[in-house]
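Scroll down for the structure; my scribbles are underneath it.
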Amino acid sequence: MYPSMSCWTRRGLLLALALGLALLVPMALSLGAAEKTRRSVGNGHGTGVTLRPDDSHGDGHGVNKTKKIFPVLTFDFAHVKIPFEISLWVLLASLMKLGFHLIPRLSSIVPESCLLIVVGLLVGGLMKLVGAAPPELQSDVFFLYLLPPIILDAGYFLPIRPFSENLGTILMFAVVGTLWNSFFIGGLLYAVCQIEGTDLKSIGLLPCFLFGSVISAVDPVAVLAVFEEIHINELLHILVFGESLLNDAVTVVLYHLFEEYSGLGMVTFLDVFLGVICFLVVSLGGVLVGAFYGLLAAFTSRFASHTRVIEPLFVFVYSYMSYLSAEVFHLSGIMALIACGAVMRPYVEANISHKSHTTTKYFLKMWSSVSETLIFIFLGVSTVAGLHSWNWTFVTVTIILCLVARVLGVMGLTFVINKFRIVKLTNKDQFIIAYGGLRGAIAFSLGYLLHPEEFPMRNMFLTTIITVVFFTVFVQGMTIRPLVDLLAVKKKQETKRSINEEIHTQFLDHLLTGIEDICGHYGHHHWKDKLNRFNKKYVKKCLIAGERSKEPQLIAFYHKMEMKQAIELVESGGGVKLPSAVPSTVSMQNIQPKKSNSERALPQISKSREEEIRKILRSNLQKTRQRLRSYNRHTLVGEPDEDGWNDLLLKRQKIMDMDKQISRMSNYLTVPAPPPESPTLSRSRLASDPQHYVPKPTLGNVPIIKVDLASPQSPEYVSVVDEFQKEAVPLKEEDEDAGGLTMKVPLGDPKKEEQEQQDGGKEQQRLMRCLSDPGPGGAEEEDEPFLP
Amino acid sequence: MGSSNSTLSKIPNLGRLIEETGFTPAHIKRLYKRFQALDKGNKGYLSPQDFGSVKELATNPIGDRIIGAFFSQGQETVDFHSFVRILAHFRPLDKNRAKRPDSPEPINSRISKLRFAFQLYDQDNDGKISRDELLQVLRTMLEMQVTEEQLESIADRTIQEADLDGDNAISFDEFRKSLEKVNIEHKMSSRFLH
C-alpha cells in the first residue's frame, strides 16, 4: 500500500505543479498584457513585448516632487518581463516533459509531440480566457533560436557511415521527391481552385506552387520526435531523417523563387534556370560554409588544452556562426550546421577533454530537447492565437494531395533507386518512408513569413498548414508505432559492436578495395580509401594535437572497449575476486573453471598481500587528497571522489595483477597472455587532471601508454609514447620473485631521492611508489608496468 | 555485335561459366577484357607479376593476400575461369533466385563470401584462424603504428570474444557467428559486378 501511495502522491504533486505553472503563465502574460495595453500601441504580433524603460521609471520624475513614503516593497514587473516570460515558458515545457513520463501508459500510446501540442492548445486557450493575447510562433524566434540547437544536435551525432553509404538515395528523396511533391500539390491545388463554387478563384498559380513548396517539405523536428520513439532500424531512420535535413535547400530555393515572382504572376525559363543554379549554390555553399567553420573549430580546439572549461563553447559558437553566416547569404543554414557538426566532430573529440566532451553532449541534448518541446507547445499556442480562415475544400484537398503525392513520389523514386542499390528497398521500407513524411513547424514558420499584403490568402494558408501539421503529427505519429509492429519492420539493434566486427569490417573494406582495383573499377571503396589516406596524412596532422593524430582507428576502438569494461568492473563493486565469468581485459580473468582447485590456493597467498596493499593505498589516498591546489575558477579541479575512484580502479587492477603475478610465480595457473596487463594497468592510473604523467620506460619494447583522463574518447586519449624517444635505462634489479611488483625508476629523473629509496629494495616501498597516484603536485614518475 | 560474339567465342566453356558464377554474358565480356588488359604478353593466363601491375594493390595492406587468393594451392598461374570464379564471390546477391534444394550453394551466397574471407585469414588452411595468423593480419592492417604488445592484446581480446569452444583459435563457424550482425551481402559486394 505504502509504495503505491507515495508514488501516486509524487506524481500527483508534480502534475499539480505543472498545472499550476500552466495557469501561472497566462496570469503573468495577462499582467504583462495589461501593462502593455496601458502603455504601448499593439503591434500585431503576440509576444510583442515592447519594453520601454523610460516609461517604467519615468513616472516618478515629475516636475513637482512631492515627498513620498520610502517604498519598502515595490512591485515592478515590467523590467524583468521578457526574461521572466521566456523562463516561464521553458520551465513549463520542461515540466510538461517530466509529467508525461510519469504516466507511462500515455507516453507509450501517444508520441510526445502530440501531447505537447495539446498542452500548447490548452495553455493558449487558458490565455485567451484570461484575456491575454497568446503569443504566436514568430518566424525569427523559430529560425534563429529554436531550430539551430535541434539541427546541431542532429548534425553532430549524425551516424556518418550509414549516411554516406545511402547518400545517393537520400539526395534523390530530398531533391527530386520534394520537387515532385511541390509541383504535384501546387498544380493540382490550382486546378481544384479553378473549379466553380469553391470561391478560391483568386489564388493564382504561383501562390499555389508556393504553398505546395512550403507544405511538401518533410520536417526534421517532427521526424526526429516521432522516429526517436519507435526505434526503427538504422537504414530507414537515416533515410527519412537525412531526407528531412537535406530538403531544406530545395525548400529555400523554391520558396524564394515563388515568393519573388508571385507578385508578377509569371516565371520565365530564365528564372527557372537561375533557380537551378541557385539551388546548387545554396546547397553546396551551405555545406562549404559549414565545413569551413567546422575546420576552424577543429583547429581551435587543438590549442585549447590549457583552458578546458571553455572548450564546449567553441563547438557551440562556431556552429551557430556557421548557421548565421549561411543565413546571411540565404544559403541553406541547415546544411551548413550539419556539415559543420559532422566535419568538426572527429577532430574536436580527439582534442578536447573527457569532461568537455560530456558537457558538449549533454548541452546539445538539453538544448535540442527544450527547443523541440517549445516548438511543439508554441505550435499549439499559435493555433489558438492566430487568425484563421477555414475553407473545407482547400484543407481536405491539401491533406489528400499530400498523402497521395508522398506515396506516389516514394514509390516512383524507389523504383528508380533500386536499380542502383545493392541492398534494395522493400515494400515495407517504402511504406514506412512514405508514412514517415511528417510536416512540422518549419512549414508553419515559412507560411508565417508570407506578407499579408502580397498574399491575401495567407490566413487560409496558415490554417491549412496547421491542419496538415496536426494531421501528420497526430494521426501518422500515433499510428506509426502500431504499424511498425504490425508490419514487423526491423527494429534497431541495440547491441554493442564487438572488436571482431570492427577488425573484420576493416579487413573487408581493404578486401573490397583490392577487388575493385583488380576489376579496374573506381568504386565507392576506392574513393573512401583515398579520402581516408588523405585524412590520415594531412588533415589529422593539422587538426589534432599531439600524438593522438597518429592513432589508428582500431586502436582507438579497442581502448574504448577496455575503458568501458574497466569502468564497469569498478562500478559493479564487489570484492577483490571478480567472478571469472566477467569477460575482462585483464587476461588473468581467463582462469578456467577446471583450474578451480588451484584457485582455492590463491587466496591464502594474496590475502596478506591484500592487506598490505590496502594499508599502503589507504595512506596514499590520504596523501593524495591533501594535495589540493588552490581554487581557480578557470581550471577544472579534480574532485576528491574522482581521485577516490581512480584509486579504487587502481587498487583493483593492482590487486588483480599482483594475484596474477603471484600465481605465475607459484606456477599454479598458466595465464594466457602476460603482456596485456601493461596497457590496462597504465591506463588505469588515471590522472585526475589534465596534466599528463609520463611513464618512463626502461626496456625498449614495453609499451607505455600515456593516459590523459581529460580526453573524451576514452580510447583516443590513450596514445602510445614512442619508447625509443625516451632514454632507455637499464634495469636496476632483476628480482621480481618477491611478488612481482617491481618498480624501476629510470636514472634521468628529477626525483633522485626516490631512486635512492628504491635501492633499498623494499617491496613495500616499491609498492608505494607504483601505487601512488600522480597528484597535481607534479610529475611523480609513473613506473612502468610490472612485467618482466 | 560481331566483335562481341567473337570475344565470347574465344572463351571456352562459356555456358558452364555462366551457370556456375551467375554472371551475364555482358559481364563475362567485361571481365574478359579486363583479364586481357592485365595479361601483359597475351599468355592466356595471369601470373603474380601481372597482378603487381595494379599499383593500388601495392598500398593495400592485404594486397598480397588478395593476389594469393587467386592462385589456388601451389599453382603459378590463373586462367580466366578461375579469375572469374574468384570474382564471382563479390557479385551482389540476387534475392529473386529460386532456391533449388539440390543445387550447390551459389558462389555469391553469404556463406561462400564468408568462406572466401575466412580463407584469406587462414593462410595455412587448417580450418582455423590461429592467434599468429590473426596477429599477422593485424600487423599488416595497422601498418606498424602500434607496438607488439598492443597487437597481442587486441588479438587475444578478439579470440577471447569469438572463441566458443575454447581452442584459442577461430573456426569458420565462430567466424561466421561473430559476423552475424554485419550485413555481409552489402559489405562484400561490388557494384561493378552487379
In this structure, does B:Phe35 turn out to be touching a residue at least 60 places away in the same chain (Cβ under 8 Å) and more than 8 Å from chain A (Cβ to nearest Cβ)?
no
How about segment A:473-493: which of its residues are of a type outside the set (A, V, I, L, M), over 16 Å from A:Glu228 (Cβ atoms) and assigned to a helix (DSSP H, G or I)?
A:Phe474, A:Thr479, A:Pro482, A:Asp485
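Across segment B:180-194, which residue is farthest from the other protein chains (Cβ to nearest Cβ) among those that are assigned to a loop (DSSP other than H, G, I, E, B), without any contact (Cβ under 8 Å) to a residue 24 or more places away in the chain and not basic (Lys, Arg)?
This residue is B:Glu180.
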Being touching an Asp or Glu at 6+ places or on another chain (Cβ under 7 Å), within 17 Å of A:Gln506 (Cα to Cα) and facing another protein chain (nearest Cβ under 9 Å) is true for just one of B:Ala162, B:Ala117, B:Ala155. Which residue is that?
B:Ala162
Which of the residues spanning segment A:497-519 are part of a helix (DSSP H, G or I), without any contact (Cβ under 8 Å) to a residue 12 or more places away in the chain and among the polar types (S, T, N, Q)?
A:Asn500, A:Thr505
Inspect segment A:88-111 for any residue being surrounded by fewer than 10 Cβ atoms within 10 Å (Cβ to Cβ), outside the structural domain of A:Ile230 (by the TED database) and at pLDDT below 85 and give the result as yes or no.
yes
Among the residues of segment A:239-274, the number that are within 26 Å of the chain's Cα centre (by Cα) and surrounded by fewer than 21 Cβ atoms within 10 Å (Cβ to Cβ) is 0
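Results for (1) within 10 Å of chain B (Cβ to nearest Cβ); (2) modelled with pLDDT under 80; (3) crowded, with 18+ Cβ neighbours inside 10 Å, shown as yes or no for each residue.
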position	(1), (2), (3)
A:Thr513	yes, no, yes
A:Glu516	yes, no, yes
A:Tyr522	yes, yes, no
A:His525	yes, yes, yes
A:Ala545	no, yes, no
A:Lys550	yes, yes, no
A:Leu554	yes, yes, yes
A:Leu569	no, no, yes
A:Gly573	no, yes, no
Hey, could you check segment A:275-307 for residues that are under 14 Å from A:Tyr323 (Cα atoms) and of a type in the set (Phe, Trp, Tyr) and say which is surrounded by the most Cβ atoms within 10 Å (Cβ to Cβ)?
A:Tyr293
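Has segment A:318-334 got at least one residue that is of a type in the set (S, T, N, Q), assigned to a helix (DSSP H, G or I), buried (at least 20 other Cβ atoms within 10 Å of the Cβ) and in contact with a Cys (Cβ under 7 Å, 6 or more places away or on another chain)? First the steps, then the outcome.
Residues of segment A:318-334 of a type in the set (S, T, N, Q): A:319, A:322, A:325, A:332.
Then keep just the ones that are assigned to a helix (DSSP H, G or I); that gives A:319, A:322, A:325.
Cutting the leftovers down to buried (at least 20 other Cβ atoms within 10 Å of the Cβ) gives us A:319, A:322.
Checking the rest, the ones that are also in contact with a Cys (Cβ under 7 Å, 6 or more places away or on another chain) come to A:319, A:322.
Scanning segment A:318-334 turns up at least one residue that is of a type in the set (S, T, N, Q), assigned to a helix (DSSP H, G or I), buried (at least 20 other Cβ atoms within 10 Å of the Cβ) and in contact with a Cys (Cβ under 7 Å, 6 or more places away or on another chain).
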Where in segment A:139-217 are there helices (runs of 4 or more DSSP H), lying fully within it, with 3 or more residues that are of a type in the set (Val, Ile, Thr)?
A:178-193
For B:Lys177, only one of the following conditions fails: (1) surrounded by fewer than 19 Cβ atoms within 10 Å (Cβ to Cβ); (2) without any contact (Cβ under 8 Å) to a residue 12 or more places away in the chain; (3) within 12 Å of chain A (Cβ to nearest Cβ). What is its number?
(2)
Test result for B:Lys128, within 10 Å of chain A (Cβ to nearest Cβ) and over 23 Å from B:Leu193 (Cβ atoms):
no
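Between B:Glu19, B:Glu76, which is without any contact (Cβ under 8 Å) to a residue 40 or more places away in the chain and assigned to a helix (DSSP H, G or I)?
Unique residue meeting the criteria: B:Glu19.
Where residues in segment B:141-152 are in a helix (DSSP H, G or I), facing another protein chain (nearest Cβ under 7 Å) and of a type in the set (A, V, I, L, M, F, W, C), which of them is farthest from the chain's Cα centre (by Cα)? Outline the logic, then answer.
Of segment B:141-152, the ones in a helix (DSSP H, G or I) are B:141-142, B:148-152.
Right, trim to facing another protein chain (nearest Cβ under 7 Å) and you get B:141-142, B:148-150, B:152.
Next, from what is left, pick out any that are of a type in the set (A, V, I, L, M, F, W, C): B:141-142.
Working: B:Met141: 17, B:Leu142: 21 Å.
The qualifying residue farthest from the chain's Cα centre (by Cα) is B:Leu142.
Take A:Phe455 and tell me if it is among the aromatic types (Phe, Trp, Tyr), part of a loop (DSSP other than H, G, I, E, B) and more than 14 Å from chain B (Cβ to nearest Cβ). Before you say what the answer is, go through the steps one by one.
Numbers: among the aromatic types (Phe, Trp, Tyr): yes; part of a loop (DSSP other than H, G, I, E, B): yes; more than 14 Å from chain B (Cβ to nearest Cβ): yes.
It is true that A:Phe455 is among the aromatic types (Phe, Trp, Tyr), part of a loop (DSSP other than H, G, I, E, B) and more than 14 Å from chain B (Cβ to nearest Cβ).
Does segment A:468-496 hold any residues that are facing another protein chain (nearest Cβ under 9 Å) and either without any contact (Cβ under 8 Å) to a residue 12 or more places away in the chain or crowded, with 20+ Cβ neighbours inside 10 Å (or both), and which are they? I'd like the intermediate steps shown before the answer.
Initially, segment A:468-496 is screened for residues facing another protein chain (nearest Cβ under 9 Å), giving A:493, A:495.
Scanning segment A:468-496 gives a single hit, A:Thr495.
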List the number of the failed condition for B:Arg97; all other conditions in (1) at the interface with chain A (Cβ under 9 Å from one of its Cβ atoms); (2) modelled with pLDDT under 80 hold.
(1)
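Take the conditions among the aliphatic types (A, V, I, L, M), modelled with pLDDT under 90 and surrounded by fewer than 19 Cβ atoms within 10 Å (Cβ to Cβ) and apply them to A:Val384. Does it pass?
Details: among the aliphatic types (A, V, I, L, M): yes; modelled with pLDDT under 90: yes; surrounded by fewer than 19 Cβ atoms within 10 Å (Cβ to Cβ): yes.
Considered against the rule, which asks whether it is among the aliphatic types (A, V, I, L, M), modelled with pLDDT under 90 and surrounded by fewer than 19 Cβ atoms within 10 Å (Cβ to Cβ), A:Val384 comes out as yes.
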On the given criteria, is A:Phe461 among the hydrophobic types (A, V, I, L, M, F, W, C), surrounded by fewer than 17 Cβ atoms within 10 Å (Cβ to Cβ) and in the same structural domain as A:Val226 (by the TED database)?
no
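The values are calculated or read from the model by the stated rules, or taken from the named source; none is laboratory data. Here the structure is a predicted model, which means the values were calculated and not measured. Ideal geometry is used to build each Cβ from the backbone, glycine not excepted, and the neighbour counts take in all protein chains shown.
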